[in-house]
1. So which residues in segment 133-177 are in a helix (DSSP H, G or I), open to solvent by less than 30 Å² (accessible area, probe 1.4 Å) and modelled with pLDDT under 90?
2. Scan segment 58-88 for residues that are in contact with a Pro (Cβ under 7 Å, 6 or more places away or on another chain) and within 19 Å of residue 181 (Cα to Cα) and jot them down.
3. Just wondering, is there one or more residues in segment 55-70 that are at pLDDT 85 or above and aromatic (Phe, Trp, Tyr)?
4. Name, by its number, the condition in (1) surrounded by fewer than 16 Cβ atoms within 10 Å (Cβ to Cβ); (2) at pLDDT below 90 that does not hold for residue 52.
Amino acid sequence: DSQPRPRIRLALIVAFVSGLTSLSYQVLWTRLLASGTGDSTYVFSTILAIFLTGLALGAVAVNLYRTRIRTINLLALGQVIIALFVVVGMLAIIDRGGIGQLRLTTNFGSLFTEFAVPVAVVVLPATFVMGLTFPAASALIADPQGHVGSNAGLLLSANTLGAISGTFLVPFVVIPLVGSPVALGLIALVNLIMGIA
């Protein structure tokens, strides 16, 4: 059978969307949260560290509770929750006047409270759920016919292709067309549609 089974096809779609949206969010969060701070190196490093921490914590959590979770439910609900966390997190920052106004300082305490904490509020919840969904998608590739290796390669390829697409399309196509805040909403809509589908 040369056609992938439906669950493998679903895993590939989820992996692609996961890569596309996660790297799109990273680009948009860096752009939206960092504007006006004046030091893109520390901003990018802080956002990346929080981003990777969320992914890692989510992956650990799904590994601990994998036997108690129904994979399809986790994938669907996870996509919807990511969209909600992204929108609510950005609204919280906008509401407190923080978007584009988070400040970097040389004082560690101020840096922590005025920049890192608001960034963590926006980035950590969504990335934690992202960290849950990719390992859950990998659970769908188990194959009694012994194609796990090739299926895992396809899964990683789909995720990488999605990540490359998000990294290219968002800054060079989507942001110039609609702006960063609308782009963030559109990417959240992709997660929402994926979860519903």
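The values are calculated or read from the model by the stated rules, or taken from the named source; none is laboratory data. This structure is a prediction, so every number in the text was calculated from the model and none was measured. Counting neighbours? That spans all protein chains shown, and the Cβs are built from the backbone with ideal geometry, glycine included. Just the protein is used for accessible areas: all its heavy atoms, side chains included, with ligands, DNA and RNA removed. Shrake-Rupley method; radii C 1.70, N 1.55, O 1.52, S 1.80 Å.
1. If the condition is that a residue be in a helix (DSSP H, G or I), open to solvent by less than 30 Å² (accessible area, probe 1.4 Å) and modelled with pLDDT under 90, then 133, 135, 136, 137, 140, 141, 151, 155 are the ones that fit.
2. Of everything in segment 58-88, just one residue is in contact with a Pro (Cβ under 7 Å, 6 or more places away or on another chain) and within 19 Å of residue 181 (Cα to Cα), namely 85.
3. no
4. (2)
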